[in-house]
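Engineer: Have a look at the structure that comes next, please.
The values are calculated or read from the model by the stated rules, or taken from the named source; none is laboratory data. Here the structure is a predicted model, which means the values were calculated and not measured. Backbone-built Cβ (ideal geometry, glycine too); neighbour counts: all protein chains shown.
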Amino acid sequence: MGNSVSASPVAALPASVEVPPPQSGTDAKKEKPKCKACCACPETKRERDACIMERGEENCGPLIEKHKQCMRDMGFNI
């Protein structure tokens, strides 16, 4: 009961501890997405979803990857 526990875990770190910068150059330029994931990349999402419904997920790899890349470009970590 007599323990003095700091409310902030950051306060327990020594002053000399630094957070390392991002490893790759692409991480440094990424910013917070400007919209929700459900609203991002509607064109590629529509194409991907239609393909999956008509042909099955296993036959739509290129469209799935195209949508994932669009999402990454919008700032989502996929």
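Engineer: Within region 49-78, work out how many residues are part of a loop (DSSP other than H, G, I, E, B) and of a type in the set (S, T, N, Q).
Structural biologist: Selection size over region 49-78: 1.
Engineer: Let me ask something else about it. I'd like the full set of residues that are over 12 Å from Arg46 (Cβ atoms) and either at pLDDT below 95 or surrounded by 12 or more Cβ atoms within 10 Å (Cβ to Cβ) (or both), limited to region 60-72. It would help to see each step written out before you state the result.
Structural biologist: Going residue by residue through region 60-72, those that are over 12 Å from Arg46 (Cβ atoms) are 60-62, 64-65, 68-69, 71-72.
Within region 60-72, Cys60, Ile64, Glu65, Lys68, Gln69, Met71, Arg72 meet the criteria.
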